[in-house]
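The values are calculated or read from the model by the stated rules, or taken from the named source; none is laboratory data. Quantities reported herein were computed from a predicted structural model and do not represent experimental measurements. Please note: Cβ atoms are built from the backbone with ideal geometry, for glycine as well, and neighbour counts cover all protein chains shown. When the accessible area is computed, the model is the full protein with side chains, heavy atoms only, and any ligands, DNA or RNA have been set aside. Shrake-Rupley method; radii C 1.70, N 1.55, O 1.52, S 1.80 Å.
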Protein chains: 2
Amino acid sequence: MYAPAERSDFVVIGGVAAGPKTAATLARRLPGATITLFQKETHLSYAACGFPFFASGEVNSFSELVNTSYGIPRDADFFRGTKGFNAVTSAEVTAINRARKTVTVKMLEGGETIEHGYDRLVIATGAVPNSPPMPVPDSERIRPFTRPTDVVAFRELAQRGEVERAVIVGGGFIGVELCEAVSELWGISARLYEKQPQLLPYMLDPEMAEIVKRSLEANGVVVATGADVKEIELSDDGTPVVHVAGEGPVGADYVFLCLGVHPEVRLARACGLAIGETGGISVDDTLATSDPDIYAGGDCIESRHRLTDKPVFMPLGSLANRHGRVIAENLAGNETKFPGVLGAFLLRAFATNVGGVGLSAEAARGAGIQANAVWGAFADRPDYHPGTKKFTAKMVYEEGSRRLLGLQAVGEGDIFRRVDVFSSFLQRGATVEDLYDHEHGYAPPFSEALDPLHHLAGVAAAVDRGQGFVGPGAAGLAAALDDGTVLLDVREGEEAEDDPLPRELADAARRLVVIPLGELRDRLGELDRADRIVVMCRRGPRSYQAALILRDAGFGNVTVAAAGLQALE
Amino acid sequence: MYAPAERSDFVVIGGVAAGPKTAATLARRLPGATITLFQKETHLSYAACGFPFFASGEVNSFSELVNTSYGIPRDADFFRGTKGFNAVTSAEVTAINRARKTVTVKMLEGGETIEHGYDRLVIATGAVPNSPPMPVPDSERIRPFTRPTDVVAFRELAQRGEVERAVIVGGGFIGVELCEAVSELWGISARLYEKQPQLLPYMLDPEMAEIVKRSLEANGVVVATGADVKEIELSDDGTPVVHVAGEGPVGADYVFLCLGVHPEVRLARACGLAIGETGGISVDDTLATSDPDIYAGGDCIESRHRLTDKPVFMPLGSLANRHGRVIAENLAGNETKFPGVLGAFLLRAFATNVGGVGLSAEAARGAGIQANAVWGAFADRPDYHPGTKKFTAKMVYEEGSRRLLGLQAVGEGDIFRRVDVFSSFLQRGATVEDLYDHEHGYAPPFSEALDPLHHLAGVAAAVDRGQGFVGPGAAGLAAALDDGTVLLDVREGEEAEDDPLPRELADAARRLVVIPLGELRDRLGELDRADRIVVMCRRGPRSYQAALILRDAGFGNVTVAAAGLQALE
């Protein structure tokens, strides 16, 4: 039984990521202090980012998401014995009483309500699912995917074979991860509906999101973007029926509501703390709230974007953990600042890795920044190495200043190094030219002699020298082709035969000409100097070399299809 | 047949990495210029770093190391037709005549000698193997591993089944890579002899090199460090016999001489160009030699280390390619600087990845820098994720200024991200505290919520707060234990039973005490406050937490075994 202390030096509200991290660090810094953490749920310190991998069956037991790496559950005993602070579960803080410096706590099991004093308070209440904008009946088979109970409920149904058809409403981070989770082990047929015209809106630009969509589709997921889910009903047998505008009713055995989350700030707002324009708790760069005795971290706060200096809401477990350290250091008297966020993310959709950091081109332009973008298609190690895997990347930078703004990368290859390195370049306000000085580790099983980031800097330099590029996808390449365009394929004859350009591209152009790059200097007569030419190859470099040969030969209107055919796969 | 031009605007000597990269970039920047590249060998632009993977059979045909990624050989026709410059093979430049601005070229096939004028010259003559310091007979079965002919010769013998026993003399980069190359596919039994007391000297500190050694041994390679190879002879049947001090004669079917390389500067020296103290051609930060009309790049130059500002010789293909771009830009009139080197490297030894960047602790101290080091043992993603893999890392930083100096990482996990990110932090002169601000991409299939680099910064902070650590291996942990020490194992009982501490550690201490961390606060009576205690766990964090508990309880002499048992595996 929990015997409430009357008062603790430090009280922490919330027991998932930022809360326990704060409390544990604080206990190490100030071993004499009393620290009490209140957690509404029964579970503490669970790995919420691991939920999709428990749902999928990759992670066998839910307890693995709660245990330490050496198999001990992170429960109240663990936190008291090992970490040196009190964690109280099933204890809902219902009010913060700033004048008295207490919190009101409702003990969910016993039902009693106590008041517990604090000297300094930490709010780590996390985020909660957005309410669906459409009518949704109450059902165990229609749920968000954020709480342990959601995840366990789905897994049990799946394991019993009761889910054959899943509908995922919302194509953000969790929605995309769930496509793989439900399909791979359970063989559930999945349909994904996203209201925006693309998957992963705000995170990726449309042409990069197209690659993710193709990857989901190649793995049997039915993906509809720009899809308006009007209503969800229950059929007579209790299974959901999803109504999508312009589509017949879609039956499902389970519906995931992946409609995003918003910061849980009810306590903070009720006690008069400042709330930011994104809906998160306002904090300064020490993570103090508008009350200097109250700090906040994790998914409930509003962050500052390092590139735009604007407030953003960015619920990521990696940030929450870093918040915890910063708060604890400040509470322990070691002034420490949180530098703001860049939005680094990674996710997996089947064999396709998706990642990014910084601003997409759309986000940059939306923030009033004059943004340029370049693309590249890469192998993550030399093509001669049997382990080589591909990926496509887009780099965004500011026109004029050439300040780096963002990187997006999609593919089976090692995008992780590049996202993380790019993040560190963004952190220091680096320019395109700084990328040339990056010294990467090189060995054929792991990388090429020049890194993709070097090549992206090179493409940006080519843009400056006047070479025109079009990006992949519908907004780029497809839009650049019309009946006045010659599409020039400079791949080898065998490649062009084995892996022809998509028919819709060839059809969109006036004509398709295939001249291998090595023969181009000798076969210029097959082209007209007045033509508008778009050059295409597998990844881009050959097209660029071809464009230079054509320019030197007096062709005035030559555009390179950036990232080539690989970006269209 | 080659018809020599009398004179080219640009002449490039050397056709492997820096040479072709310079010529190709220059041809793009200055399409009207005449550019001639002379290459002594018959092959151009081959992927020398891929040799071990051709030797191993992973790369099937030597032509893959010479072809473009789309299957076209990088020969003279390719460079003329596609890249726009003349490449002349089997053409050995025998003299640089600076007064006349010509090079003397001996055509190795026809035998004639020509003189070819230049306006600007680029030297990219690479490096050549060091001569063995011991007597070595002339034999096709005793060779370095640097030229295409060496590699093809070995592969042919191996493929014919004529090599059952290989001896590798020299445990540097190539020697270690060859252990895997000969063992894996061909099943050759390999013995590696290294003169220094450790493998990979200068690149890794001894305790990190011990991990590599154990990995080779676990894969059946016999490794002897501190081994003095006195002489190599030929037996009557023509197979080599290796004589090692203190060991009987070792018969072999093939001996690899991996004794390092030195810059090939004979041409440069003969024409009076400045040669640096490391033996490489002296260049300024635009890569111009002491003659402003002559540039040099690749393995033949002396580099400047970015952290010590001292000259170093660093033959790496990734640097050579970056040199090529810098030289070409400068020759094209776009002033561009090369920022010096950090020494980022990666290599693979069986399933163990090895990498580093910057200075080892020994190298830093050798350069007169007051260097501290911390260690960490990590999983590259959460332990609950089935794909998780381990690695051990060491971070070196300057005492006082806390400037970052170097990272070394060894293990099966994703060390690549960390080496590359650390490299970018070194590039900007970052401190330990800057690592906390690193925003990495996080998702359970790829990473943990906090990155190993965050944890390493945390260990460095713990050192500052007075916590003592000992590094792994013979120089650290083994040296810290004596008959006055209590070795405290704070792992769970089951872990300690399933995977007991190495007997030699337990034996070296006065006594071994096993108390799981969660019970430590309640079982302090089993320890004596006057004891010298070394705490041990699997990876280190539990030991650190235990040390804090003990310190708070009045124990005055508690040291943490950094990186725990994992670093000893």
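May I ask you to verify whether A:Gly32 is open to solvent by less than 10 Å² (accessible area, probe 1.4 Å) and either under 21 Å from A:Leu108 (Cβ atoms) or modelled with pLDDT under 95 (or both)? When the stated conditions are applied, A:Gly32 does not pass them. Close Cβ contacts (under 6 Å, 6 or more residues apart or on different chains) running from residues in the stretch A:215-243 that are touching a residue at least 60 places away in the same chain (Cβ under 8 Å) to residues that are of a type in the set (S, T, N, Q) and surrounded by fewer than 21 Cβ atoms within 10 Å (Cβ to Cβ) comprise A:Leu234/A:Ser139.
When B:Val136 is tested against the conditions (1) among the β-branched types (Val, Ile, Thr); (2) open to solvent by 40 Å² or more (accessible area, probe 1.4 Å); (3) closer than 29 Å to B:Ile327 by Cα, the lone failure is (3). Of all the residues in the stretch B:493-506, those that are surrounded by 12 or more Cβ atoms within 10 Å (Cβ to Cβ) and either β-branched (Val, Ile, Thr) or part of a helix (DSSP H, G or I) (or both) number 5. The residues of the stretch B:239-273 that are surrounded by fewer than 16 Cβ atoms within 10 Å (Cβ to Cβ) and closer than 27 Å to B:Val283 by Cα, listed by number, are B:Arg266, B:Arg269, B:Ala270, B:Gly272.
Against the definition (hydroxyl-bearing (Ser, Thr, Tyr), in a loop (DSSP other than H, G, I, E, B) and over 16 Å from the mean Cα position of the chain (by Cα)), how does A:Ser131 come out, yes or no? Criteria met by A:Ser131.
Taking the stretch B:106-125 as the range and being part of a strand (DSSP E or B), hydrophobic (A, V, I, L, M, F, W, C) and within 39 Å of the chain's Cα centre (by Cα) as the test, the residues that pass are B:Met107, B:Leu121, B:Val122, B:Ile123. The single condition among (1) open to solvent by less than 10 Å² (accessible area, probe 1.4 Å); (2) under 14 Å from A:Trp375 (Cα atoms); (3) touching a Pro at 6+ places or on another chain (Cβ under 8 Å) that A:Ala475 does not meet is (1). The lone criterion from (1) without any contact (Cβ under 8 Å) to a residue 12 or more places away in the chain; (2) facing chain B (nearest Cβ under 9 Å); (3) open to solvent by 30 Å² or more (accessible area, probe 1.4 Å) left unmet by A:Asp464 is number (2).
Selection of the stretch B:72-81 for residues being assigned to a loop (DSSP other than H, G, I, E, B) and at the interface with chain A (Cβ under 7 Å from one of its Cβ atoms) yields only B:Ile72. Screening A:Glu41 against (1) more than 30 Å from B:Gly554 (Cα to Cα); (2) touching a Gly at 6+ places or on another chain (Cβ under 9 Å); (3) open to solvent by less than 10 Å² (accessible area, probe 1.4 Å); (4) in contact (Cβ under 8 Å) with a residue 12 or more places away in the chain leaves a single unmet condition, (3). Answer yes or no: is there a residue in the stretch A:47-70 that is open to solvent by 20 Å² or more (accessible area, probe 1.4 Å) and over 28 Å from A:Phe345 (Cα atoms). Taking every residue of the stretch A:47-70 in turn, none turns out to be open to solvent by 20 Å² or more (accessible area, probe 1.4 Å) and over 28 Å from A:Phe345 (Cα atoms).
For the stretch A:103-130, the tally of residues that are in contact (Cβ under 8 Å) with a residue 40 or more places away in the chain and either closer than 25 Å to A:Asp291 by Cβ or among the polar types (S, T, N, Q) (or both) stands at 17.
Number of residues in the stretch B:34-70 that are under 17 Å from B:Val88 (Cα atoms) and part of a loop (DSSP other than H, G, I, E, B): the value is 10.
If I filter the stretch B:139-152 down to residues being open to solvent by less than 20 Å² (accessible area, probe 1.4 Å) and of a type in the set (A, V, I, L, M, F, W, C), which single residue comes out as nearest to B:Val261 (Cα to Cα)? Per the criteria, the residue is B:Phe145. Counting residues in the stretch B:522-530 that are buried (at least 20 other Cβ atoms within 10 Å of the Cβ), free of Cβ contacts under 8 Å to residues at least 60 places away in the same chain and not basic (Lys, Arg) gives zero. Please verify whether the stretch A:216-224 includes one or more residues that are open to solvent by 50 Å² or more (accessible area, probe 1.4 Å) and more than 23 Å from the chain's Cα centre (by Cα). Scanning the stretch A:216-224 turns up no residue that is open to solvent by 50 Å² or more (accessible area, probe 1.4 Å) and more than 23 Å from the chain's Cα centre (by Cα).
Residues considered: B:Phe446, B:Phe469. Of these, the only one that is out of contact with any Cys (no Cβ under 8 Å at 6 or more places or on another chain) and within 14 Å of chain A (Cβ to nearest Cβ) is B:Phe446. Going through (1) touching a helix residue (DSSP H, G or I) at 6+ places or on another chain (Cβ under 6 Å); (2) within 23 Å of A:Ile301 (Cα to Cα); (3) among the charged types (D, E, K, R) one by one, A:Asp9 falls short only on (1). Taken over the stretch A:376-409, the criterion of being open to solvent by less than 10 Å² (accessible area, probe 1.4 Å), away from chain B (no Cβ under 12 Å) and within 30 Å of B:Ser63 (Cα to Cα) is satisfied by A:Gly376, A:Phe391, A:Thr392, A:Ala393. All conditions in (1) over 18 Å from the mean Cα position of the chain (by Cα); (2) under 30 Å from B:Glu184 (Cβ atoms); (3) touching a residue at least 24 places away in the same chain (Cβ under 8 Å) hold for B:Met314, with the sole exception of (1).
Among the residues of the stretch A:414-451, those that are open to solvent by less than 10 Å² (accessible area, probe 1.4 Å), touching a Lys or Arg at 6+ places or on another chain (Cβ under 7 Å), assigned to a loop (DSSP other than H, G, I, E, B) and not polar (S, T, N, Q) comprise A:Ala443, A:Pro444, A:Pro445. Going by the structure shown, is A:Gly356 surrounded by 24 or more Cβ atoms within 10 Å (Cβ to Cβ), under 22 Å from A:Glu207 (Cβ atoms) and either of a type in the set (Gly, Ala, Ser) or touching an Asp or Glu at 6+ places or on another chain (Cβ under 6 Å) (or both)? So A:Gly356 fits the description; yes. Can you say whether B:Ala23 is assigned to a loop (DSSP other than H, G, I, E, B), within 14 Å of chain A (Cβ to nearest Cβ) and surrounded by 16 or more Cβ atoms within 10 Å (Cβ to Cβ), as far as the supplied structure shows? When the stated conditions are applied, B:Ala23 does not pass them.
Filter the stretch B:482-492 for residues that are away from chain A (no Cβ under 14 Å), surrounded by fewer than 23 Cβ atoms within 10 Å (Cβ to Cβ) and either part of a strand (DSSP E or B) or out of contact with any Lys or Arg (no Cβ under 9 Å at 6 or more places or on another chain) (or both) and give the result. Answer for the stretch B:482-492, where residues must be away from chain A (no Cβ under 14 Å), surrounded by fewer than 23 Cβ atoms within 10 Å (Cβ to Cβ) and either part of a strand (DSSP E or B) or out of contact with any Lys or Arg (no Cβ under 9 Å at 6 or more places or on another chain) (or both): B:Thr485, B:Val486.
Scanning the stretch A:82-98 for residues that are part of a loop (DSSP other than H, G, I, E, B) and small (Gly, Ala, Ser), we see that the one that is least open to solvent (accessible area, probe 1.4 Å) is A:Ser90.
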